[in-house]
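Novice: Please read through the structure below; I'll follow up with questions.
The values are calculated or read from the model by the stated rules, or taken from the named source; none is laboratory data. Computed from a predicted structure; not experimentally measured. Note that we place each Cβ from the backbone using ideal geometry, even for glycine, and neighbour counts take in every protein chain shown.
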Amino acid sequence: MEDLTGRVAVITGGAGGIGKSLAERFGREGMKLVIADIEAGALHRTVGELRDAGAEVIGVQTDVTSFESVEALAAAAFAEYGKVHVLCNNAGVGPPSAAVWDTTPNDWKWTFSVNVFGVAHGIQAFVPRMLESGEEGIVINTSSPDGPIAPMPTASVYAATKSAVTCLTECLDAQLHSQSAKVRAAVFYPSGQGLLDTGLWTSDRNRPSELARERPRSTPALTVAQLRERGMPIQSLDELAELVVEGIRDGRFVMILNPERAIATLTERLEKFSRGENATEMHQLG
């Protein structure tokens, strides 16, 4: 899909962070946009900013944990534009870091509901419509290196969800390819040379009360500001958005910056696996 002008893109978690950077980059390509987010205020502001920048865009408040909500998003997108070419299942959250035995049932329910079920709902609601339209298309699912490539043991819940997203995406793409479909799938690994300054750090703000943590966290949440003070570099989100645009054009299944680092990590993990060892080790921040 080399020419993106006039193509239609849907982005969940699109009102801020990586999703917003994707929307801005797609808008500069002349794409028509459908921005989905659970936060109505942020969604309204982002849609306004995109329109002011010249993009053709609509916003649809969406809770990706609800299939009915994602189905309504798909219906709205196809009603507005008649087709969808790029679906970015990008919405994500992160629970408090903790030893696995100190996580709570609601940590798992909430994070899997957004990070995994949200992706599955996007596939279920959009892919049948995309296939039926006969248009060329791509489903891009946001994973993370902190799971399928290098599991972060302090963030076991988050790492498990992102491993699931990668596995799900590989299965989806294999199935689409086996049917010679004009729709394909890709997995996006936001990473780079520093921290990602996104809403993931404050995702508790959108955590449903019924899935609140059953007991207080033992340590206060780290903030991006604190990590900046420790000298942690910040990865440009615009660079990640550019990576996705290039990946769409090049037909890549894996979209990741500096793939050599991932290859080295996976090679080391394979060597440990071959020796019957645990390839995951503890690493401390700063």
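Novice: Counting only residues that are charged (D, E, K, R) and either modelled with pLDDT under 95 or within 22 Å of the chain's Cα centre (by Cα) (or both), how many does region 69-91 have?
Specialist: Count: 2.
Novice: Is one or more of the residues making up region 233-243 under 29 Å from L176 (Cα atoms), surrounded by 11 or more Cβ atoms within 10 Å (Cβ to Cβ) and in contact with a strand residue (DSSP E or B) (Cβ under 6 Å, 6 or more places away or on another chain)?
Specialist: The answer is yes, given that some residue of region 233-243 is under 29 Å from L176 (Cα atoms), surrounded by 11 or more Cβ atoms within 10 Å (Cβ to Cβ) and in contact with a strand residue (DSSP E or B) (Cβ under 6 Å, 6 or more places away or on another chain).
Novice: Only one of these is at pLDDT below 95 and in a helix (DSSP H, G or I): R261, R249. Name it.
Specialist: R261
Novice: So is K109 among the basic types (K, R), under 20 Å from the mean Cα position of the chain (by Cα) and not in a strand (DSSP E or B) or not?
Specialist: When the stated conditions are applied, K109 passes them.
Novice: Now for a separate question. With the structure loaded, tell me whether I234 is under 22 Å from the mean Cα position of the chain (by Cα), within 30 Å of R25 (Cα to Cα), among the β-branched types (V, I, T) and at pLDDT below 95 or whether it fails that test.
Specialist: Yes: the conditions hold for I234.
Novice: Has region 158-178 got at least one residue that is modelled with pLDDT of 90 or more, part of a loop (DSSP other than H, G, I, E, B) and either among the basic types (K, R) or more than 13 Å from the chain's Cα centre (by Cα) (or both)?
Specialist: Within region 158-178, not a single residue is modelled with pLDDT of 90 or more, part of a loop (DSSP other than H, G, I, E, B) and either among the basic types (K, R) or more than 13 Å from the chain's Cα centre (by Cα) (or both).
Novice: Does G94 satisfy being in a loop (DSSP other than H, G, I, E, B), under 17 Å from the mean Cα position of the chain (by Cα) and crowded, with 22+ Cβ neighbours inside 10 Å?
Specialist: When the stated conditions are applied, G94 passes them.
Novice: Collect the residues in region 268-278 that are surrounded by fewer than 16 Cβ atoms within 10 Å (Cβ to Cβ) and closer than 27 Å to S97 by Cβ, keeping them in residue-number order.
Specialist: E268, L270, K272, F273, E277, N278
Novice: Still on this model: Is it the case that F253 is of a type in the set (F, W, Y) and free of Cβ contacts under 8 Å to residues at least 12 places away in the same chain?
Specialist: no
Novice: If E210 satisfies all but one of (1) at pLDDT 85 or above; (2) more than 20 Å from the chain's Cα centre (by Cα); (3) in a loop (DSSP other than H, G, I, E, B), what's the number of the condition it fails?
Specialist: Among (1) at pLDDT 85 or above; (2) more than 20 Å from the chain's Cα centre (by Cα); (3) in a loop (DSSP other than H, G, I, E, B), the lone unmet condition for E210 is (3).
Novice: Quick check on my filter: what residues within region 165-186 are over 14 Å from S144 (Cα atoms) and either buried (at least 20 other Cβ atoms within 10 Å of the Cβ) or aliphatic (A, V, I, L, M) (or both)?
Specialist: Those that are over 14 Å from S144 (Cα atoms) and either buried (at least 20 other Cβ atoms within 10 Å of the Cβ) or aliphatic (A, V, I, L, M) (or both): L172, D173, A174, L176, A181, V183, A185.
Novice: Among G13, G59, G17, which is at pLDDT below 95, in contact with a helix residue (DSSP H, G or I) (Cβ under 6 Å, 6 or more places away or on another chain), among the small types (G, A, S) and within 24 Å of R207 (Cβ to Cβ)?
Specialist: Going through G13, G59, G17 in turn, just one is at pLDDT below 95, in contact with a helix residue (DSSP H, G or I) (Cβ under 6 Å, 6 or more places away or on another chain), among the small types (G, A, S) and within 24 Å of R207 (Cβ to Cβ): G17.
Novice: Within region 122-158, restricting attention to residues that are more than 27 Å from R261 (Cα to Cα) and touching a Leu at 6+ places or on another chain (Cβ under 9 Å), which residue is surrounded by the fewest Cβ atoms within 10 Å (Cβ to Cβ)?
Specialist: L131
Novice: Please go through region 220-229 and give me each residue that is in contact (Cβ under 8 Å) with a residue 40 or more places away in the chain and assigned to a loop (DSSP other than H, G, I, E, B), ordered by number.
Specialist: The answer is A221, L222.
Novice: Return the only residue of M232, M255 being assigned to a loop (DSSP other than H, G, I, E, B) and not aromatic (F, W, Y).
Specialist: Result of the check over M232, M255: M232.
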